[in-house]
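S.K.: Right, I'll just put the structure down here and ask away after.
The values are calculated or read from the model by the stated rules, or taken from the named source; none is laboratory data. The structure presented is a predicted model; accordingly, all values stated were derived computationally and were not measured. Every residue, glycine as well, gets a Cβ built from its backbone with ideal geometry; the counts of neighbours run over all protein chains shown. Surface areas here come from the heavy atoms of the whole protein model, side chains and all, with no ligands, DNA or RNA. Shrake-Rupley method; radii C 1.70, N 1.55, O 1.52, S 1.80 Å.
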Amino acid sequence: MTSNKKKRLSMLDGLAVASAPSPSGTSSMMSSNRALRSARDAVDAHHVWELDPDDIEDTRLADRLDPDDVADLRVSIEVNGQSVPILVRRHPSESGRYLLVYGRRRLEAIRSSDKLRKVRALVANLDDSAAVRAQVSENTGRRDLSFIERALFARELVDSGFGNQAQVAEVLNVTKSAISMALSVANTVGPKLANAIGPVHGVGRPRWEALAKDLVDGTLGVEDLVEVAQAARRSANADELIEGDVGERKDASRLAFEAVAKALAKQRLTKNKKGKKSDTRPLLVGGKRAGSVQRTTKGVRVDVESDDAAFANWIEAEAQSILEELHERWKKRS
């Protein structure tokens, strides 16, 4: 076997190794590695092809929320070349056309470039099920997918009939309970709001679960929250995405998440405040309103209203003794 052929054979093996966890988790990733190795074994002659991007269709399940990060990858490929081929399979009914297995960002980066004409690709003979498994297995090795992206991807896998929760959990290398919780969040938030917010890297399950709970308990609709998220992202873009003196780019999706969470929290606090507020009862003297009494979370509030300054002054001076007298009457009430 020539050195070039060995190098081509190792490309997909490298992806499998990169996706493997520490030795303690090796057994749980065996099916994932097998899927990548099966894809490698199915590659036609292990040859790297130069394909026209327009001949490749992307019908896969979506696994990313924010396509904007393609721009940086495009610049990198234009400068350094495409070092890692994408994986495609032959179209089942159209000669000369291909279906993408994985490498969407690389494909989109090259498609959006005015300097690049061809995409380097490995061509494999895979059926629909094997192609999905290869995509899923490649995803397990990616560290840059956020919680909500993985949750929505798991939801699409279940909805598409790829497998039940246990089977999806196995290929994603997580527990079934983790899949169940992720699906709960994904189903509550929904793809429309999730896409409006974005991937929000660094925000994990607890905060997404809290947002989902506020969404269920509140009255704000998805459309309202989509507008909140989009407004936050527009604001971030208007500020040229510059933060502080270090020149770091703001994460527009994090700003959108915080805006939606804040809107839901404000609604929750308002709801709680209204729920705790009691009716105010008027106090009368001689049939005329002389004040009000209200039960609060901390006790009882009494307001005395009087146009007679002398009476108001007397109440102020006698307030302590009046309260003590009322307390004694309360103790003797039985």
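S.K.: Looking at this structure, is I110 closer than 18 Å to T59 by Cα and either modelled with pLDDT of 90 or more or hydroxyl-bearing (S, T, Y) (or both)? Steps first, answer last, please.
M.R.: Values: closer than 18 Å to T59 by Cα: yes; either modelled with pLDDT of 90 or more or hydroxyl-bearing (S, T, Y) (or both): yes.
So I110 fits the description; yes.
S.K.: Is one or more of the residues making up the range 56-65 more than 27 Å from S253 (Cβ to Cβ) and at pLDDT 90 or above?
M.R.: yes
S.K.: So, in the range 294-303, exactly how many residues are modelled with pLDDT under 85 and open to solvent by less than 90 Å² (accessible area, probe 1.4 Å)?
M.R.: 3
S.K.: If you go through the range 113-129 one residue at a time, do you hit one that is surrounded by fewer than 22 Cβ atoms within 10 Å (Cβ to Cβ), of a type outside the set (A, V, I, L, M, F, W, C) and closer than 30 Å to A232 by Cα?
M.R.: yes
S.K.: Please go through the range 227-241 and give me each residue that is in a helix (DSSP H, G or I) and within 13 Å of S253 (Cα to Cα), ordered by number.
M.R.: V228, A229, Q230, A231, A232, R233, R234, S235, A236, N237
S.K.: Here is a list: D224, D214. Which entry is touching a Lys or Arg at 6+ places or on another chain (Cβ under 6 Å) and open to solvent by 10 Å² or more (accessible area, probe 1.4 Å)? So that I can check it myself, show each step before the final result.
M.R.: On the way: D224 fails: touching a Lys or Arg at 6+ places or on another chain (Cβ under 6 Å).
Exactly one residue qualifies, and that residue is D214.
S.K.: Another one. What residue, among those in the range 305-324 that are open to solvent by 80 Å² or more (accessible area, probe 1.4 Å) and closer than 20 Å to R281 by Cα, is modelled with the highest pLDDT?
M.R.: Ranking the qualifying residues of the range 305-324, first place goes to L323.
S.K.: Could you please find all residues in the range 162-183 being open to solvent by 40 Å² or more (accessible area, probe 1.4 Å), among the hydrophobic types (A, V, I, L, M, F, W, C) and outside any loop (DSSP other than H, G, I, E, B)?
M.R.: A166, M181
S.K.: While we're on this one: Looking at (1) open to solvent by 10 Å² or more (accessible area, probe 1.4 Å); (2) more than 30 Å from A256 (Cα to Cα); (3) at pLDDT below 80, which is the one condition that is false for A134?
M.R.: (1) is the only condition that A134 fails.
S.K.: Hey, another quick one. Quick one: which residue in D214, D224 is in contact with a helix residue (DSSP H, G or I) (Cβ under 6 Å, 6 or more places away or on another chain), part of a helix (DSSP H, G or I) and of a type in the set (D, E)?
M.R.: D214
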